[in-house]
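K.L.:
Let me give you the structure first, and then I'll get to my questions.
Rule-based calculations on the coordinates, nothing more; no lab input. Predicted, not measured: the structure shown is a model, and the values here were computed from it. In this analysis, Cβ positions are derived from the backbone assuming ideal geometry, glycine residues included, and neighbour counts consider all displayed protein chains.
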Amino acid sequence: MTLADRAVATLGFHLQQLCARRLPEAVGAPSAVRGISELRYGLRRDGLKPALLAECFSLYAKSPASHVRAAAGRLAAGGVVELADPAERHDALALAALAHALHGGGVHLIAASEPAAKILHGKLGAPFAALGLRVSLIEQGMNVAARREAYASDVVCGTHREIAQDHLRDRLAQGERGGTVARRVQRLSAPGGEELMPQGLHCALVDDADIVMLDDALAPAAIATEVDQSRERLLYEQALELARALKRDADFTVDQDGIRLTEPAARLLERLVTPLGGIWSARQRREELVGLALEALHLLERGVHYQVANGRVQFPERRKDGEDAADADQEVQKLVEVKEGCRLGARRELLARLPMPRFFARYRHLGGACADARALESEFWELYSLKTWLAGERLSAQPPALRVFASGESRNAALVELLRAHAAAGRAVVLAARSAREAQALQGMLQEAQVSGDVKLAVLPAVQSLPAQRQASLVVAGLPDCRRHIELARRACGAGSAELLFALDEEAVAPRLGVFRFSRFFVRPDGELVARAARLVARHAQRAAERASRGGRLDLHARERMLDDLLAFSGQRD
């Protein structure tokens, strides 16, 4: 797309967002319905025209509302649709998948989690089977033969991670060289065990598009393999043998600065390494390795500086700072592993990586549905060139009860008190954090405070990991990246109420802004801000967090486009 075409398309996007944000109601049922074979022929000859789409939708077992059919038509044409009701969203995705399956080419129905993919597979299996279409499920643990059979179906349900990983494996197996025609010839001539699994990226219909295509866009799909470390182990074994040949005080000294080799030891090492050659020919490198081996032999004791469990050497937090010191720490750990007769820590080599925006951009047809896309329209356009439409009534978000604290200690104390109150009342609680590290810290804090009751931990924005819980209360400890994460978490776990607690000294709050310094004058003795100041701080902090999250995704997209330009010179894309 040229720069002028891009400018015209962007202008059309802004006009659509201003004037035609809501989808028009779909037309009624068609006057006549042809057979499936005749309809399939018409779709492949004339394309996904509105009249043919209406015939496709009439074949579906259910008869959804007009705005659901309108959303399905938009998904079939490409775009992002807002539908608040999950059942209506699934119906719209099913109708669009039916149209593309009859049109020809594989359809990938992508969900944010494996349980959500199983739900879609269960809903679509029987209605599509009645029309002679097969729906399959891709899940973890499937072998290659089962995956290949599943990808041969008309509609494939699965997570974006699983399908992207299979696509990467195919690219590695087939290679990028030779062009499209050569790859197709190679595929036709290959034996049955070497055929592609996804069989091309024709159509992707994404449920929870905001989570899959935006929140998870920063983590690329990658394939890595363990590196053969036999030569590396031999190097460290030689270093330890050379270190054992040196005598303390005569060949090396130990002081506060570490281990120092004497000049006679340097001459002795030069004679000992003459038959070895290779890396041992460089004096600075061999003396560095031998010095680290002496440290592993004489300064690090088992049970004092490290532990050995299940054949692995476990060190506490490393004591050095800086990149060079970190490299030295890794070499010392490997020397200790060889000293103790353990396996070297696995080192993995990255074979291929594929960011999610680039993966979805490879589909010929792309559509997505989500519950709420407010303030996300520009990101969908920037990353995927997709316009956003509203179908039906907008999701009504209920704001959570808000509490802001001057420090993390006061926030944690209030959190413990709140959870104890819920436990005394016999209410279940879902405690949500922003990251796995924060969830682990919260779990340790609750164990230390001996908080009892039905408390389950979850991580935002991965709302699919939240446990289904009836009559539960949602407590969010920390400011999430987006306000919609709280509402998504509330609906995912069936929570009736939601409370948000965060502290001013959190990274996402951006305390450098004047509003946060000013708000400290409104702190009560228990460390909590008064209600008016808390609302002001939360509004500014949430906007700052959302801007930072959106800026990170757009910056990553710009970097990936630059990487694409650099890789073009090498003839590679992954």
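K.L.:
Run down the aspartates and glutamates and flag those whose C-alpha is under 16 Å from the C-alpha of residue 123, throwing out any fewer than 8 positions away in its chain.
P.N.:
Here the aspartates and glutamates satisfying the reach criterion relative to residue 123 are 85, 88, 91, 114, 154, 207.
K.L.:
With just the Cα atoms of region 230-346, tell me how far they stretch along each of the three principal axes, in Å, largest first.
P.N.:
39, 34, 26
K.L.:
Here is a follow-up. Please give every one of the lysines within straight-line cross-link reach of residue 118, meaning a C-alpha to C-alpha distance under 27 Å, and leave out same-chain neighbours fewer than 8 residues apart.
P.N.:
Those lysines meeting the cut-off are 62, 456.
K.L.:
Hey, what do the phi angles of region 427-441 turn into as Karplus ³J(HN,Hα) couplings, whole Hz, using 6.51/-1.76/1.60 and θ = phi - 60°, x for Gly and Pro?
P.N.:
Listing the rounded values in order: 9, 6, 10, 9, 9, 10, 10, 7, 8, 5, 5, 5, 5, 5, 5 Hz.
K.L.:
In debye, nearest 20, what is the charge dipole magnitude of region 257-316 about its Cα centre with +1 on Lys and Arg Cβ and -1 on Asp and Glu Cβ, if you could check?
P.N.:
200 debye
K.L.:
Would you pull out the residues with amide H under 5 Å of residue 352's amide H, same chain only if 5 or more places away, H placed 1.01 Å from N?
P.N.:
Under 5 Å from the amide H of residue 352 lie the amide H atoms of 223, each far enough along the sequence or on another chain.
K.L.:
Right, here's the next one. Residues with beta-carbon under 13 Å from that of residue 48, excluding residue 48: net charge, scoring Lys, Arg +1 and Asp, Glu -1?
P.N.:
With Lys, Arg at +1 and Asp, Glu at -1, the neighbours total +4.
K.L.:
Still on this model: Could you work out how far the C-alpha centroid of region 46-64 sits from that of region 118-143, in angstrom?
P.N.:
After rounding, the separation between the Cα centres reads 20 Å.
K.L.:
Let me ask you something else. Using only alpha carbon positions, build the gyration tensor of region 362-409, then give the equivalent ellipsoid semi-axes as the square roots of 5 times its eigenvalues, largest first, whole angstrom.
P.N.:
33, 17, 9
K.L.:
For region 257-304, which GluC sites (Glu not before Pro) are both in a DSSP coil and crowded by at most 10 other Cβ atoms within 10 Å?
P.N.:
Taking region 257-304 and a limit of 10 other Cβ atoms within 10 Å, the loop GluC sites (Glu not before Pro) found are 301.
K.L.:
Additional query: Straight-line reach from residue 387: which lysines have Cα under 27 Å away, leaving out those fewer than 8 places along the same chain?
P.N.:
Correct list for residue 387: 49.
K.L.:
About the Cα centre of region 230-346, what is the dipole size in debye to 20, counting +1 per Lys and Arg Cβ and -1 per Asp and Glu Cβ, all else neutral?
P.N.:
460 debye
K.L.:
Separate question: Around residue 460, under 10 Å between beta carbons, what's the net of Lys plus Arg minus Asp minus Glu among the other residues?
P.N.:
Combined, the nearby Lys, Arg, Asp and Glu give -2.
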